[in-house]
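Below you'll find the structure, written out as structure tokens, and then a few comments.
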Amino acid sequence: METDPTIANRRSQVRQPSRDVIRWKRPGRIEDQKGWAVDHSAAGIGFMTAAASGPLAGELIHIRRLDGDRWATIDRIVRVAHASPTANHDVLMVGCSLEENCSRVR
């Protein structure tokens, strides 16, 4: 199966595969959503999450990843670049850009 290059190569940085377990939430909301990282680069992260509660393109989110026995916060502004359905309609593929953290949005 070929991948559409316009979707597959949106990030300019080299991507590294990732199997990190992540948790994400929208700023100002009391929620704790599960996710599974697919890849990461210096400028972005891709992950899968439940489609029913998934973020929308343009939203800012907070992400933590499981680092051994503790949760490590990605201390950068995380903006959802795209959220695409998968063959399993219960799962959403989310691509995010990581922006410099001048004044973090809370």
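The values are calculated or read from the model by the stated rules, or taken from the named source; none is laboratory data. Note that the coordinates shown come from a computational prediction; the quantities given were computed from them, not determined experimentally. When we count neighbours, we look across all protein chains shown, and the Cβ atoms used for this are built from the backbone with ideal geometry, even at glycine.
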Test each condition in (1) modelled with pLDDT of 95 or more; (2) more than 11 Å from the chain's Cα centre (by Cα) for ARG23 and report the one that comes out false. (2)
Would you check which residues across the stretch 41-57 are closer than 17 Å to ALA72 by Cα and either more than 9 Å from the chain's Cα centre (by Cα) or charged (D, E, K, R) (or both) and list them? SER41, ALA42
Identity of the residue in the stretch 32-56, in contact (Cβ under 8 Å) with a residue 24 or more places away in the chain and part of a loop (DSSP other than H, G, I, E, B), that ends up farthest from GLN13 (Cα to Cα): GLY54
If we ask which residues in the stretch 25-42 are among the small types (Gly, Ala, Ser), exposed (fewer than 15 other Cβ atoms within 10 Å of the Cβ) and in contact with a strand residue (DSSP E or B) (Cβ under 7 Å, 6 or more places away or on another chain), their number turns out to be 0
Looking at the stretch 53-106 only, could you name the residues that are in contact with a His (Cβ under 8 Å, 6 or more places away or on another chain) and over 15 Å from LYS34 (Cβ atoms)? ALA57, THR73, ILE74, VAL78, GLY95
Here are ARG79, ARG23, ARG29, ARG65: which of them is part of a loop (DSSP other than H, G, I, E, B), basic (Lys, Arg) and free of Cβ contacts under 8 Å to residues at least 60 places away in the same chain? ARG29
Would you mention how many residues in the stretch 38-51 are at pLDDT below 95 and among the small types (Gly, Ala, Ser)? 4
Is it the case that ARG65 is modelled with pLDDT under 95, farther than 14 Å from SER97 by Cα and surrounded by 16 or more Cβ atoms within 10 Å (Cβ to Cβ)? yes
